[in-house]
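Readers should treat all values here as calculations from the given coordinates under stated rules, not as data from a laboratory. None of the values given here were measured: they were computed from a predicted structure. Here the Cβ positions follow ideal geometry from the backbone for every residue, glycine too, while neighbour counts run over all protein chains shown.
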Amino acid sequence: MLKDSVRTKTYQNAIYQNAFLFKDKVVLDVGAGTGILSLFCAKTGAKHVYAVECSIMADTAIEIVKANGYSNVVTVLKGKVEEIELPSKVDVIISEWMGYFLLFENMVNSVLFARDKWLVPGGAVLPDRTSLYLTAIEDADYKLDKIDFWKNVYGFDMSCVRKQAMLEPLVDTVDQNQIVTNCQLLKTMDIEKMDSRDVSFSAPFKLVAQRNDYVHALVAYFDVSFTKCHKPIGFSTGPRSRPTHWKQTVLYLEDDLTMCEGEAVTGTMSVSLNSKNPRDIDIKLTYHFNGKRSQASRTQEYRMR
C-alpha cells in the first residue's frame, strides 16, 4: 500500500482534510498492516486508535508506532478482528480492505463484522462506498500468445492447459486504447448498510461498441469513495485512471467478437464466494452477441485464487 501513491494519498487526504470525523474519536483500523492509516488518524487528533493486524506485520507496526511517538494513542492488536476484544465501542472504522476484482480475499466481511460488533450507532465506516464496473477490450496479442498458443504446441494439442488458462482471470494493467465499449456499472456497495450476503450477486450488463473492432475479453475494475467528507474524495482503478496496485481484472472470452459501432453484447455476471475457500471468488459470465459479422452465445466460469 505504501508505494501505491494513488490509494495512500487518497486515504491521507480523506483523513487530513476531514479532521472533524476523527478529532477526539475512537477509531478501529481493520487490517492495519504497517499502521499507516492509524498514524494518519492519530496525527489528525483521534482520541485513540486500535490497529488490528493478524499477520506478523503487527510486530513491525508496534515498532513503527513507537518510533513515531504515538504509542499513547495507537494500540496495535495482533489477531483477527473477529477474535480480538476492545475496551469500548468505536466511533470510526477505517480499512483498506479491497482486493483484486474488489472482493478477492473477502476482507470486506471482516469489516462488516467489526461494524456490527464495535461501531457505535451513527458511527462512520471509511471508505463507505465502492462500485464495480465492466467494459470490453481488444486484446488479440495476449490471447494468441498466452491462451490460444496451447492449441498447437510444436504440432501437439495441449488444449487442456488452455482450459486452465481460461479459468483464471488475469490481473494486469489495461491500455485505455484497448477499450472498445462503454463502461457498465455492475454493483454498488454501501459498506455502512450492506450485509455479508451482498458480497454474492448477479448483475445484467449491456456493452455497446464505440467503434468497429474485435472484442477478446471483458475487464472489471472498481471505484472507491469517501462520501462523508466535506468534498468528494475517492479513486478509480479503471484503465483511464492512474495505475494502482489493483490494476484491472481481465476475463478472456472463448469467442472473438467482431463488433461494429453501436452493436451490443449483453449478458449477466454472477459473483460468489468459493464454497471451499471463501477468500477465492467464483465468477459466472453469460453473454450473447448477434452482430452483422459475428454471433455468439455462451456461459463461462472463472475462479480467482
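Taking 0.36 nm per residue of separation and subtracting the current Cα-Cα distance, fully stretching the chain between MET194 and LYS47 would add 50.2 nm.
With θ taken as phi - 60° and the Karplus curve 6.51 cos²θ - 1.76 cosθ + 1.60 applied, the whole-hertz 3J(HN,Hα) list for region 218-228 is 9, 10, 10, 8, 9, 10, 10, 10, 10, 7, 7 Hz, x standing for glycine and proline.
Using the 10 angstrom Cβ neighbour count as an exposure proxy, how do HIS48, HIS216 rank, fewest first?
HIS48, HIS216
Of the cross-linked pairs LYS47/LYS89; LYS23/LYS231; LYS89/LYS276, which ones have a Cα-Cα span greater than 23 Å in the structure shown?
Distance filter (> 23 Å) returns LYS89/LYS276.
Once the C-beta distance of GLU83 and PHE201 is scaled by a Förster radius of 30 Å, the resulting FRET efficiency is 0.60 to the nearest 0.05.
Here the Karplus relation 6.51 cos²θ - 1.76 cosθ + 1.60, evaluated at θ = phi - 60°, turns the backbone of region 181-195 into coupling constants of 10, 5, 9, 10, 6, 9, 7, 10, 10, 9, 5, 7, 10, 5, 10 Hz, with x for every Gly and Pro.
Please arrange SER297, SER110 by counting, for each residue, the other beta carbons lying within 10 Å of its beta carbon, fewest first.
Details: SER297 11, SER110 19.
Listing SER297, SER110 from fewest to most nearby Cβ atoms yields SER297, SER110.
Label-to-label distance for ASP141 and VAL6 is 2.1 nm, based on points extended 7 Å past Cα in the beta-carbon direction.
Are there any GluC sites (Glu not before Pro) in region 33-118 that are in a DSSP loop and have at most 10 other Cβ atoms within 10 Å? List them by number.
GLU83, GLU85
Could you tally the net charge around ILE15, taking each other residue with its Cβ under 14 Å from the Cβ of ILE15, Lys/Arg +1 and Asp/Glu -1? That sum, taken over residues with Cβ under 14 Å, equals +3. Sequence-ordered 3J(HN,Hα) estimates for region 289-300 from the Karplus curve with 6.51, -1.76 and 1.60 and θ = phi - 60° stand at 9, 10, x, 5, 10, 7, 9, 7, 8, 7, 10, 10 Hz, glycine and proline given as x. Just GLY99, GLY69, GLY45 to compare: in a GNM of the chain, with alpha carbon springs under 10 Å, which one fluctuates most? Result for the chain, Cα springs under 10 Å: GLY69 fluctuates most.
Between THR299 and THR173, the simple label model (points 7 Å from Cα in the Cβ direction) yields a spacing of 3.8 nm. Select one label from [x] 21; [y] 31; [z] 37: the one whose number is percent of Cα pairs over 31 Å apart as derived from the coordinates shown. Among [x] 21; [y] 31; [z] 37, the one derived from this structure is [z]. Each Lys and Arg contributes +1 and each Asp and Glu -1, all at the Cβ; summed about the Cα centre of region 155-305, the dipole is approximately 280 debye.
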